[in-house]
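Working notes, beginning with the structure itself.
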Amino acid sequence: MARVLLIDDDAEIRETTAIRLQIGGHHVISAASPQEALSVAAGEPRFDVAVLDLHLPRVDGDELLDLLRRNSATADLPVVFYSASSPHATSVHGLSLADTRLTKGRSLNSLLATISCLSA
């Protein structure tokens, strides 16, 4: 069981993904915004994996990942970019910081398998 920080501003996607990850055996803490994610990451026990949407309000996923990498508590946190956008929409800088990228809408089994691999 992994402790997963799920960051997505779309409430329906966030709740559905969280439920499916919980059914898969993971403990999920959700955040709806970059600010909430940074606050949760600082106040919670260490997470095993973060699942991060690219398109967030005020601070996009690339910028949030940059902030997470600069924080000593989250610098080594494995991160999955999980987005509906084309893989080409992800910046080279963002891709260099993330551990992997998955497209929303595909089987959630890929996300579950990725989380298991990254948290092992």
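Values quoted throughout were computed directly from the atomic coordinates according to the rules given, and no laboratory measurement underlies them. Please read these numbers as outputs of a predicted model, since none were measured by experiment.
Here are the numbers for this structure:
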{"quantity": "For Val28, distant residues with modelled amide H under 5 Å away", "calculated": "Val4"}
{"quantity": "Approximate shape of the chain as ellipsoid semi-axes (Cα gyration tensor, √5λ), whole Å, largest first", "calculated": "18, 17, 14"}
{"quantity": "Between region 104-120 and region 48-66, the Cα center-to-center distance that results, in Å", "calculated": "17 Å"}
{"quantity": "Most mobile of Ala41, Ala98, Ala75 in a GNM of the chain (Cα contacts under 10 Å)", "calculated": "Ala75"}
{"quantity": "Estimated translational D of region 1-71 in µm²/s (Stokes, Kirkwood radius over Cα pairs; 20 °C; 1.002 mPa s)", "calculated": "177 µm²/s"}
{"quantity": "Gaussian network model of the chain, springs between alpha carbon atoms under 10 Å - residue of Asp76, Asp53, Asp62 with greatest fluctuation", "calculated": "Asp76"}
{"quantity": "³J(HN,Hα) computed for each position of region 36-44 - Karplus, 6.51 cos²θ - 1.76 cosθ + 1.60, integer Hz, glycine/proline x", "calculated": "5, 4, 5, 5, 5, 4, 6, x, 9"}
{"quantity": "Percent RCO, i.e. relative contact order, over region 3-119, from Cα pairs under 8 Å lying at least 6 residues apart", "calculated": "24 percent"}
